[in-house]
1. Could you tell me how many of the residues in segment B:84-109 are of a type outside the set (A, V, I, L, M) and open to solvent by 30 Å² or more (accessible area, probe 1.4 Å)?
2. Do we find a residue being more than 14 Å from every other protein chain (Cβ to nearest Cβ), hydroxyl-bearing (Ser, Thr, Tyr) and buried (at least 16 other Cβ atoms within 10 Å of the Cβ) anywhere in segment B:138-160?
3. Could you give me the residue pairs with C-beta distances under 7 Å whose first residue belongs to segment B:254-267 and is at the interface with chain A (Cβ under 9 Å from one of its Cβ atoms), whose second residue is open to solvent by less than 20 Å² (accessible area, probe 1.4 Å) and among the β-branched types (Val, Ile, Thr) wherever it lies, and which are 6+ apart or on separate chains?
4. I'd like the full set of residues that are at the interface with chain A (Cβ under 7 Å from one of its Cβ atoms) and either within 26 Å of residue B:106 (Cα to Cα) or open to solvent by 10 Å² or more (accessible area, probe 1.4 Å) (or both), limited to segment B:241-250.
5. Across segment A:139-156, which residue is surrounded by the most Cβ atoms within 10 Å (Cβ to Cβ) among those that are at the interface with chain B (Cβ under 9 Å from one of its Cβ atoms) and free of Cβ contacts under 8 Å to residues at least 12 places away in the same chain?
6. Taking the criterion of being open to solvent by 50 Å² or more (accessible area, probe 1.4 Å), in contact (Cβ under 8 Å) with a residue 60 or more places away in the chain, over 22 Å from residue B:214 (Cα atoms) and within 11 Å of chain A (Cβ to nearest Cβ), would at least one residue in segment B:44-52 satisfy it?
7. Condition (residue is within 30 Å of residue B:262 (Cβ to Cβ) and acidic (Asp, Glu)) applied to segment B:192-200: is it met by at least one residue?
8. Taking segment B:158-192 as the region of interest, how many residues are closer than 18 Å to residue B:115 by Cα, without any contact (Cβ under 8 Å) to a residue 40 or more places away in the chain and either part of a loop (DSSP other than H, G, I, E, B) or among the aromatic types (Phe, Trp, Tyr) (or both)?
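The values are calculated or read from the model by the stated rules, or taken from the named source; none is laboratory data. If you're wondering where the values come from, they're calculated on a predicted model, not measured in any experiment. Quick reminder, even Gly has a Cβ in these numbers, built from the backbone with ideal geometry, and neighbours come from all protein chains shown. Each accessible area value is taken on the protein alone, full model and side chains, heavy atoms only, with ligands, DNA and RNA left out. Shrake-Rupley method; radii C 1.70, N 1.55, O 1.52, S 1.80 Å.
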Amino acid sequence: MITSHVHRDRWISVAVFLTLAAIWQVLSMVYTAEAQPGEPMIAGWQVLFTNTFLAMSDYWQGGFGVPAVADGAARSYPAAFLAVASHSIDTIGRLAIGLAVGGAAGLLFGLAVSWSRWTRRLFDWPLQFLRTLPLLAMVPLFQLWFGTYFLGEVLFVAYGIGVIVFAGTVNAVRNVPQIYIDNARSLGASRWTLCRTIVLPAIFPAMRSTILLSLGAGWSAVLGAEYLGAQSGLGYIIVYAQQFAYLDRMFFIALLFIVYTSISYWAIGRLSARWLAWAPPSQRR
Amino acid sequence: MTLVAPDVLTRPSPSLLSRARILLAILDPLRLAGVVLFVLVWQVLTLGLPAIILPTPRGVVERLVADFWSAPALSYYGVEEANLYGNLIYTAENVAIAVVIGSVIGILAGLLSARFGIIRAIIDPVMMTAGTVPILVAAPFLLIWFGVGRASAVCLVIFYVIVILYLFAQRAATNLDPVYEESARTLGATPAGIVRDILIPATVPEILGGLRIALAGAWGLEAIAELLGSQSGVGKVLEVLAGATDPQGIMATLLMLGLAAIVVDAVAAFAVARTAKWSAASR
């Protein structure tokens, strides 16, 4: 019964996406206004996979035996492919390093603050305030502090993720049932053992939603960092495409983003579900 | 038969003493000390760094107070309202419009999807995909399609509010124990009666919780949408100040935005607790 439902739902979602794609195609044929000559406001699929993809080779810097368009070469599919791949790698690399640094720092600070009820109260308000500040509105500040270099971009992503992980950790530790801690204490566990064997496993189920949340913030942050000054990455392509109103290129990158974010959510969801196989279902939030 | 425990009816209204205790719990001295510590660390950091990198906390607060009613410098950069107050109102209006429209659509879609499997199968994949699109990817399209102005910023925030409230409304209605609706039906309730007496009272508290989360996030999104293209609003002010390399102004504006979001959230929390009095979750 349930499996047939899942099966049916999968077919429906495929149909929904196909319908959306068809609607887009129809829109592109009905609404043929152009943002500028040769650049349709709504680019049909036949344009996206030929002209638009070829245009990506403009962003290839040259190398691997494929010359750059800037050096006078004609647009070519290998160059377009290499351009998309290299800019994607730049963006994903920034995201990955930011996730690692921010996640580790957030977790460590969160555990440190959760050391006792006193420290938790002491850090409560400043933490709440930092969480209220809109992350993306802080891009100008980070740009000012760290310039538009790699360090600044990674630090910005790490800050965005760190604040969420930090708050999530503090919240999760607060929700660890007191009886677990009391039990271990009365059996003579030290603070360190308590942290390693009780607190860390106990907060992990609650951290799952925090991790997914911080992934979303991470994607936003890495784009935000690239928006304001980076010289490579998918965000850089969008910024340049927007300046010349190349809507088809923007749409192409947006599609790439949908694919990447969906894959990342799916991967993290699967991974955390596997790590959480031991936890009772009610705890897997 | 009443579901309200008898002691609730006979409980005396809170005395002055307990009110004072609640006030003390809100203004926890240790929490206040945390704020003081935060400001102190900031102050110490400014000693080693030039003001162009990190302004002093006092300077930021003074700047906020001075610019709140009148900041003539802003008009030189092309901001319509030459004060922070007017821009904050502009942003708040957009947030309010977007939250109202977005929550109506999101709640209706969420509740329907929780009761009709086919609707859920159709909307779920769209919402899941829409929810993963980073706002900065969506924003440029709206700016080109709808132009630089109120519409594109509001659309962006509506889009985001719909996704959040869809998820919250759907979860609230799905998690509702079917036993309530079944026994109401057994006792002869009409579908409209079930919606009025069971579905709405049971889901409103959780949906209001989602509304608070959406509201908190909407401020930041509205600001970023304005930062990308607008004639006024807090985001426009931030963009202008960033262009002028003015960290003191940026921090003062961010401080104002944060304070506004906190005040609105506190009011919303109070209103939610008032509206959903019957729920255990809102206490």
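1. From segment B:84-109, those of a type outside the set (A, V, I, L, M) are B:85-87, B:90-91, B:93-94, B:102-103, B:106; that's our starting set.
Still in the running and open to solvent by 30 Å² or more (accessible area, probe 1.4 Å): B:85, B:90, B:93.
Residues meeting the conditions: 3.
2. Kept after step one, since they are more than 14 Å from every other protein chain (Cβ to nearest Cβ), are these residues of segment B:138-160: B:149-151, B:154-155, B:158.
Now narrow it down to the ones that are hydroxyl-bearing (Ser, Thr, Tyr): none.
Scanning segment B:138-160 turns up no residue that is more than 14 Å from every other protein chain (Cβ to nearest Cβ), hydroxyl-bearing (Ser, Thr, Tyr) and buried (at least 16 other Cβ atoms within 10 Å of the Cβ).
3. These pairs meet every condition: B:255/B:60; B:257/B:234.
4. From segment B:241-250, those at the interface with chain A (Cβ under 7 Å from one of its Cβ atoms) are B:242, B:245, B:247, B:250; that's our starting set.
Within segment B:241-250, B:242, B:245 meet the criteria.
5. The initial filter retains those residues of segment A:139-156 that are at the interface with chain B (Cβ under 9 Å from one of its Cβ atoms), namely A:139-141, A:143-145.
If we keep only those that are free of Cβ contacts under 8 Å to residues at least 12 places away in the same chain too, we end up with A:141, A:144-145.
Numbers: A:141: 19, A:144: 17, A:145: 15.
Only one residue fits best here, namely A:141.
6. Let us first name the residues in segment B:44-52 that are open to solvent by 50 Å² or more (accessible area, probe 1.4 Å), namely B:44-45, B:47-52.
This time we only want the ones that are in contact (Cβ under 8 Å) with a residue 60 or more places away in the chain, so: B:51-52.
Restricting the remaining residues to those that are over 22 Å from residue B:214 (Cα atoms) gives B:51-52.
Remaining after also requiring within 11 Å of chain A (Cβ to nearest Cβ): B:52.
Scanning segment B:44-52 turns up at least one residue that is open to solvent by 50 Å² or more (accessible area, probe 1.4 Å), in contact (Cβ under 8 Å) with a residue 60 or more places away in the chain, over 22 Å from residue B:214 (Cα atoms) and within 11 Å of chain A (Cβ to nearest Cβ).
7. Filtering segment B:192-200 down to residues within 30 Å of residue B:262 (Cβ to Cβ) leaves B:200.
Of the ones still in play, those that are also acidic (Asp, Glu) are none.
Checked against the condition, which is being within 30 Å of residue B:262 (Cβ to Cβ) and acidic (Asp, Glu), segment B:192-200 yields no hits at all.
8. Here the count works out to 5.
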